[in-house]
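Everything below concerns the one structure shown next.
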Amino acid sequence: MDPVRIKRGIRKALKDLGYPEAELSLLFIDDRGITELNRRYLKRDGPTNVLAFPMTDEAQGELRTSMLGDIVICLDAALRDARAWGESLETTVDRLIIHGLLHLLGYEHEGSTREALLMEEETERLLGIITRSGAPPSDPENDHEVE
């Protein structure tokens, strides 16, 4: 996985969504690590493929900082998903990042078929945007290594 490519994709998605100056943190961990986070924060057992921790205050309902929040991707689950979905690991990781990003922006998919469909459509639309060929040339000022 190329951190510069991932960062460019996130930038494209954020720009398209109207948040060109927004920031987020991205963490890649294994089944064990995500299982612990899933248990601690969502009270769910077992691993999951992505978790998102928004920085918005739900009571206020708006973003008060450029930091959207944290996205945690489980690479073990991403590998399983890539095989099951018949796509490359890179595409699966992009899909999971978008999914997490949409959660940071308030999208939900649990409890409503309509909301789930909307989130799925938006995920596919953004995936198309960030995976298009002809990526813009590197911007050395902003292409710092992703941590």
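The table below lists the values:
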quantity	calculated
Tensor-based shape of the range 1-113 (alpha-carbon gyration tensor, a/c under 1.5 rounded, otherwise prolate or oblate)	oblate
Of all DSSP beta bridges in the range 1-94, antiparallel share, percent nearest 5	45
Integer Hz, Karplus 6.51/-1.76/1.60 couplings in order for the range 23-39, x for Gly and Pro	10, 8, 10, 10, 10, 10, 9, 9, 4, 4, x, 6, 4, 5, 5, 4, 5
Modelled FRET efficiency - R0 30 Å, Glu108 with Met1, Cβ distances, 0.05 increments	0.65
Relative packing of peptides 96-103, 117-124 - highest average C-beta neighbours within 10 Å first	96-103, 117-124
Cleavage-rule hits (trypsin sites (Lys or Arg not before Pro)) in the range 25-113: DSSP loop, at most 13 neighbouring Cβ within 10 angstrom	Lys43, Arg44, Arg64
Nearest-0.05 FRET efficiency for Glu121 and Met67, computed from C-beta distance (R0 25 Å)	0.40
Pairwise label distance in nanometres, Phe28 with Trp85, each label 7 Å out on the Cα-Cβ vector	1.5
Other-chain or far-sequence residues with amide H under 5 Å of Arg44's (modelled H)	Arg39
Leu42-Arg132 FRET efficiency (beta carbon distance; Förster radius 25 Å; 0.05 resolution)	0.15
Built amide H within the under 5 Å cut-off of Glu23, gap 5+	Met67, Leu68
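Any read-out appearing in this document is the output of simple, stated calculations on the displayed coordinates, not a laboratory observation. Predicted model only: the values in this text are computed from it and were never measured. Glycine also receives a Cβ, built like all others from the backbone with ideal geometry; neighbour counts cover every protein chain displayed.
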